1. In whole Hz and in residue order, list the ³J(HN,Hα) couplings for segment 46-55 that follow from phi through the Karplus curve 6.51 cos²θ - 1.76 cosθ + 1.60, θ = phi - 60°; x for Gly and Pro.
2. Rounded to the nearest 20 debye, what is the charge dipole size of segment 2-89 about its Cα centre when +1 sits on each Lys and Arg Cβ and -1 on each Asp and Glu Cβ?
3. Would you kindly derive the ³J(HN,Hα) couplings of segment 77-82 from the backbone phi angles with the Karplus curve 6.51 cos²θ - 1.76 cosθ + 1.60 (θ = phi - 60°), listing them in order in whole Hz, with x for Gly and Pro?
4. Along the charge dipole of segment 1-79, pointing to its positive end and built from +1/-1 on Cβ of Lys, Arg, Asp and Glu, which listed residue (His58, Val4, Leu21) has its Cα farthest out?
5. Please list 3J(HN,Hα) in residue order for segment 15-22, calculated via the Karplus relation 6.51 cos²θ - 1.76 cosθ + 1.60 where θ = phi - 60°; whole Hz, with x for glycine and proline.
6. Fully extended, how many nm does the chain gain between Arg78 and Leu30 (0.36 nm per residue separation, minus their Cα-Cα distance)?
7. From the helices alone, meaning DSSP H stretches of at least four residues, give me the mean residue ellipticity at 222 nm for the chain, per-run term -39500 (n - 2.57), in deg cm²/dmol to the nearest 500.
8. Can you give me the P(r) profile for the chain? Cα pairs, bins 5 angstrom wide beginning at 0, each as a whole percent.
Amino acid sequence: MKLVAEIALMALLGRWVLGLLAGAKREQNLFYQVLDMTVRPFTWAARRLTPRVVLDRHVPLVAFLALGFAWIAVTIWRIQHCVQIGVHLCR
């Protein structure tokens with residue numbers, strides 16, 4: 001779960017940066033399209049979870065924040081689990 005969140009977070013971040021660099025022609029950029037395909041399931045889920053008041057251009061931010069909170073929650077759970085069973089068993 002943590003790895004999936006990390007990959008999706010990096011893809012969303014890369015998509016945002018590439019969108020800034022490519023400008024209006026970002027939809028025609030091959031790398032932007034690849035990153036968009038990578039994050040599409042997460043933005044789709046964020047669109048389904050948010051009310052219609054949220055603008056479509058803000059949905060990737062919602063997905064980024066949701067994935068960030070999920071990553072933090074899984075990291076905290078993993079640390080607690082490793083402390084309980086012993087750090088040497090967690091490797």
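1. Using θ = phi - 60°, the values come out as 5, 5, 5, 7, 8, x, 5, 5, 5, 5 Hz.
2. Roughly 180 debye, rounded to the nearest 20.
3. 4, 5, 4, 4, 4, 5
4. It is His58.
5. 5, 5, 5, 5, x, 5, 6, 7
6. Here the segment from Arg78 to Leu30 would lengthen by 13.6 nm.
7. Result for the chain, helices only: -26000 deg cm²/dmol.
8. In whole percents, the pair-distance histogram is 3, 13, 20, 19, 15, 11, 7, 6, 4, 2, 0.
Where a number appears in this text, it was derived from the coordinates with a stated rule and is not lab data. Quick caveat: nothing in here was measured; it's all calculated off a predicted structure. Quick reminder, even Gly has a Cβ in these numbers, built from the backbone with ideal geometry, and neighbours come from all protein chains shown.
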